[in-house]
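Notes follow once the structure below has been shown.
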Amino acid sequence: MSRPLHELGVVEARELLQRREVNARELAAAVLRRVEEVEPRVRAYITVTADLALQQAAEADARLARAEGGLLTGVPVCVKDVLCTAGVRTTAGSRILEGFVPPYDAHVYRRLRAEGAVMVGKGNMDEFAMGSSTENSAYFPTRNPWDLDRVPGGSSGGSAASIVAGEALASVGSDTGGSIRQPASLCGLVGLKPTYGRVSRFGLIAFASSLDQVGPFAMTVRDAARMLRVIAGYDPRDSTSIDRPVPDYEAALGDDLRGLRMGVPREYFVEGMEPGVREAVLRAVGMSGELGAVVDREVSLPSTDHALAVYYILAPSEASSNLARYDGVKYGYSFQAGGSMWEEMEQTRGRGFGDEVKRRIMLGTYALSAGYYDAYYLKAQKVRTRIRHEFEAAFERCDVLVAPTSPTVAFPIGSRVDDPLAMYLSDVCTIPVNIAGLPGVSIPCGFSDGLPVGLQVIGRPFDEATVLRVAYALEQALGVAGRRPAL
Ligand code: GLN
């Protein structure tokens, strides 16, 4: 075999395991060795679960020996630390959950385990998924494997960086406003946010419940398709989960785009977009035409401009409510010095939450307060509906929309931490997709100054199959997928 084990793809590894050309323990050990080697520089994991991984790998080998199936049997994965894992510390990147060991598994983790995946550890992230660089992690920032002085994006920075660095073959993250697609773009891999309702949020530590969605990261579209098939599906424990069959996404992949109507919404080529990003994205659009797609450059989503403002009212409003549960009483960090209940609660939250989380709680509490509710929250809901309608109109003339994922490549660590607005702008191209609840994927489409550029493909609700088909055809034609930095 030409490549080291830790650089195998998901489907590829699964086939080698099936043929017994490699066993799951060897593969897990190889990935864990890689973690030891590069983790001091990359820091993708808050917790590495080495013993558990070896134990799960041994179970996978036993399963393989009995010739039992499993779409991921023996495949080492990283799980964002926002998904509950029974018996394994789950922090959501926050001090307030520093010692929290969940008593139950998130649905997604249970699905991964049911199909035989092996967990390497819990991926680093911005605190409560609030951020675009992983610098808001209460523990440490993760570094971009392409340039260790740059951010990997966020909030699922650990989930993205771990794969590119060879510390996992695939991963799962969560995306509320771009937290899967943007780090996928900045780290040069595939990241998919499914339709709202496609994947259960049970056991996902809530940030903004009407926007949060769990999805996969992988080096290739086929591998992401495999991961999505595993985690998608109805779960009665999440009331927003939709009962629709899960297609075999891999079976839908193909090389050409004949007859596909592809829209290029002009509002997505925003001011401040880097020329290298624009070039790489437009090259991919040109390629789509060659592959047979009918490219429509007249598509317009006029309210795109308002999406960021809507998001920064709705997401903090929901967060302020969701985060009210961290009061130091039932679980998590608790400040106790013999004061009154109120004093201790104040100290617990004051010490347990970081600055960005406090900023969001204040923004949300303000937007929801009597006297301001109509002007902010209600207004934002109305604009949300309008944004959704504009997408619906666009999808009457197009099958998919393509756009940049992020207006810039990975930025230097520290360059945006003191400027929340600059940080928020990282997600201008991804946030509208969450507001409308649509599926979107980011795939590598080129490089600018040696750093990866991502292309975003957005689809109709529950049409992940078409989104993945387009992503796959472009991945084959562009030939930039699967590249890794020397570390
Ligand atoms: N960067 C955005 C925020 O800070 C989106 C984060 C996310 O998708 N979780 O809220």
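The values are calculated or read from the model by the stated rules, or taken from the named source; none is laboratory data. Everything quoted here is computed from the prediction, not taken from an experiment. Here the Cβ positions follow ideal geometry from the backbone for every residue, glycine too, while neighbour counts run over all protein chains shown. Just so you know, the surface numbers come from the protein's heavy atoms only, side chains and all, with ligands and any DNA or RNA stripped out. Shrake-Rupley method; radii C 1.70, N 1.55, O 1.52, S 1.80 Å.
Taken over the C-alpha atoms, region 136-211 has Rg and Dmax values of 12.5, 37 angstrom. Estimated at the nearest 10 Å², the accessible area of R41 is 90 Å² with a 1.4 Å probe.
Here the calculated FRET efficiency for Y331 and Q381, from their Cβ-Cβ distance with R0 = 51 Å, stands at 0.95, rounded to the nearest 0.05.
Counting only the Cα atoms, region 337-398 fills a convex hull of 112 Å³ per residue. Note on region 430-487 and region 198-214: Cα centroid distance 21 Å, given to the nearest whole angstrom. Per residue, the accessible area of region 176-231 comes to 11 Å², computed with a 1.4 Å probe over protein heavy atoms only.
With helices as the sole contributors, the chain gives -11500 deg cm²/dmol at 222 nm; each DSSP H run of n ≥ 4 counts as -39500 (n - 2.57), and the sum is divided by every residue. With a 1.4 Å probe and every protein chain kept in, tell me what percent of the accessible surface of the chain is carbon plus sulfur. Its accessible area is 50 percent carbon and sulfur atoms. The trypsin sites (Lys or Arg not before Pro) of region 267-312 meeting both criteria, a DSSP state outside H, G, I, E and B (loop) and at most 16 other C-beta atoms within 10 angstrom of the site's C-beta, are R297. Normalising by residue count, region 287-332 has a Cα convex hull of 144 Å³ per residue.
Note on F269: accessible area approximately 40 square angstrom, rounded to 10, probe 1.4 Å, nucleic acids and ligands left out. Ligands, DNA and RNA aside, D463 has an accessible area near 40 Å² when probed at 1.4 Å. In whole Å, what is the distance between the alpha-carbon centres of region 136-167 and region 292-310? Comparing the Cα centres of region 136-167 and region 292-310, I get a distance of 30 Å. Spin-label pair R297-R41: with each label point 7 Å from Cα along the Cα-Cβ axis, the two points sit 4.2 nm from one another. Computed over the Cα atoms of the chain, pair by distinct pair, the Kirkwood hydrodynamic radius stands at 22.2 angstrom. Largest to smallest in accessible area, the residues Y268, Y104 fall in the order Y104, Y268 (1.4 Å probe, all protein chains included).
For region 178-241, trypsin sites (Lys or Arg not before Pro) meeting the loop criterion (DSSP other than H, G, I, E, B) and having at most 14 other Cβ atoms within 10 Å: R237. Averaging the Cα positions of each part gives two centres, and for region 96-117 and region 23-62 these lie 17 Å apart.
For the cross-link pairs K330/K379; K193/K358; K122/K193; K193/K330, the ones whose C-alpha atoms lie over 29 Å apart are K330/K379; K193/K330. The GluC sites (Glu not before Pro) of region 1-101 that DSSP puts in a loop, and whose beta carbon has at most 16 other beta carbons within 10 Å, are E21, E68, E98. Translational diffusion of region 212-275 was estimated from the Stokes-Einstein equation, with Rh taken as the Kirkwood radius over Cα pairs; at 10 °C and 1.306 mPa s the coefficient is 104 µm²/s.
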